[in-house]
Amino acid sequence: MDPTTDNAGQSGRPDGVRAALEALRAEIAKAVVGQDPAVTGLVVALLCRGHVLLEGVPGVAKTLLVRALAATLELDTKRVQFTPDLMPSDVTGSLVYDARTAEFSFQPGPVFTNLLLADEINRTPPKTQSSLLEAMEERQVTVDGSPRPLPEPFLVAATQNPVEYEGTYPLPEAQLDRFLLKLTIPLPSRQDEIDVLARHAAGFDPRDLKAAGVGPVASAADLEAARSAVAGTTVSPQITAYVVDICRATRESPSVTLGVSPRGATALLAAARAWAWLTGRDYVTPDDVKALALPALRHRVQLRPEAEMEGVTADSVINAILAHVPAPR
């Protein structure tokens, strides 16, 4: 792609594409109040071709966040409510017999979209959870022996409730490791909650984003141009070693039974590169690595039961490691 050509109404230069993606936050804020870190995390995941696990109590706008992101990028989005009786074919699609032609035809499932919202993914059995593994990793689904590619871009945003575990099926480590980032969606501050209620009192309807003024500010072409720019972001050997040292330290922590895998180290480096580019630099600094360490690693650390009983969390382990591992200068 020629970096000097126009692209979807935006300057094709990296600065123009970056400005288009930065405008996403202001546009999404018309519908979602006070969730800038989550918006940034979703953009980072899109730039890295990764997937996101969103954790938060019900009612903190997780679904609205994904729908607003899709609207600002003019991407197709679908939502699947995961339940105990959901079958894998309900996600991926299945072969349907057509009596008129006496043939079977493939009926695509909701996974054939750009942004798939997998709502309460831990409420469905492992068999259905695993139906997403091939889609997330290979960006295709195989039905009746035939691989079928998914649209591009493709992102899975899966949600789970952190406080209600009765009747749930915790995600296995192999599937958790497929998520680039785990983002926590906190309850809003008092002022943000007042703003939310004021919007609803003024007639805001979360099901009608157009009426709220949310519209496209970037495109899939802008996203592809941004990915190319991120790929050119410089990573020094010292930064690579720093990422490795952080991840290896998780495996040696006395509070941890399972530390970060090499895939996790790769994810942290990719997220740090995307964040560096978003902040206007063409090289990665130790601060970029620190900024993405929690969302990139927290779901890849398995704590010892006795550590959990003492109040230790994955975040506290990672923060202690960041404070201990020397950063390059």
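The values are calculated or read from the model by the stated rules, or taken from the named source; none is laboratory data. Nothing here was measured: the structure is a model prediction, and the numbers come from that model. Backbone-built Cβ (ideal geometry, glycine too); neighbour counts: all protein chains shown. All accessible areas refer to the heavy atoms of the entire protein, side chains included, with ligands and DNA or RNA removed. Shrake-Rupley method; radii C 1.70, N 1.55, O 1.52, S 1.80 Å.
Points worth noting:
- Remark on region 98-206: hydrodynamic radius 17.1 angstrom, per the Kirkwood mean of 1/r across alpha carbon pairs.
- Percent of beta bridges antiparallel (DSSP, the chain, rounded to nearest 5): 45
- For residue 290, the aspartates and glutamates whose Cα comes closer than 13 Å to its Cα, not counting residues fewer than 8 places off in the same chain, are 245, 315.
- Accessible surface area normalised per residue over the chain is 48 Å², counting heavy atoms of protein chains with a 1.4 Å rolling probe.
- Two-site FRET efficiency, residue 81 against residue 152, from Cβ-Cβ distance with R₀ of 22 Å, rounded to 0.05: 0.30
- For residue 94, residues with placed amide H under 5 Å, excluding near neighbours: 107, 109
- Structure-derived Kirkwood radius over Cα pairs in Å: which label, when the choices are [x] 21.1; [y] 19.8; [z] 20.5: [x]
- Sorted on the mean count of surrounding Cβ atoms within 10 Å across their residues, most packed first, peptides 245-252, 295-302 read 295-302, 245-252.
- Under 5 Å between amide hydrogens, built in the peptide plane, is the criterion, and for residue 148 it picks out 141, 142, 143 among residues at least 5 positions away or on other chains.
- Per-residue HN-Hα couplings for region 226-235 [Karplus 6.51, -1.76, 1.60; θ = phi - 60°; Hz; x = Gly/Pro]: 5, 4, 5, 5, 4, 4, x, 6, 6, 10
- Per-residue 3J(HN,Hα) values for region 90-96, derived from phi via the Karplus relation 6.51 cos²θ - 1.76 cosθ + 1.60 with θ = phi - 60°, read 5, 9, 8, x, 7, 7, 10 Hz in sequence order (x marks Gly and Pro).
- In this structure, the amide hydrogen of residue 184, modeled 1.01 Å from its nitrogen in the peptide plane, lies closer than 5 angstrom to those of 55, counting only residues at least 5 positions away or on a different chain.
- Within the same chain, lysines fewer than 8 places from residue 30 are excluded, and of the rest, those with a Cα less than 27 Å from its Cα are 62, 78, 182, 210.
- What a 1.4 Å probe finds exposed on region 201-264 is 56% carbon and sulfur by accessible area, rounded to a whole percent.
- Computed packing ranks the peptides 149-156, 68-75 as 68-75, 149-156, most packed first, by mean other Cβ atoms within 10 Å.
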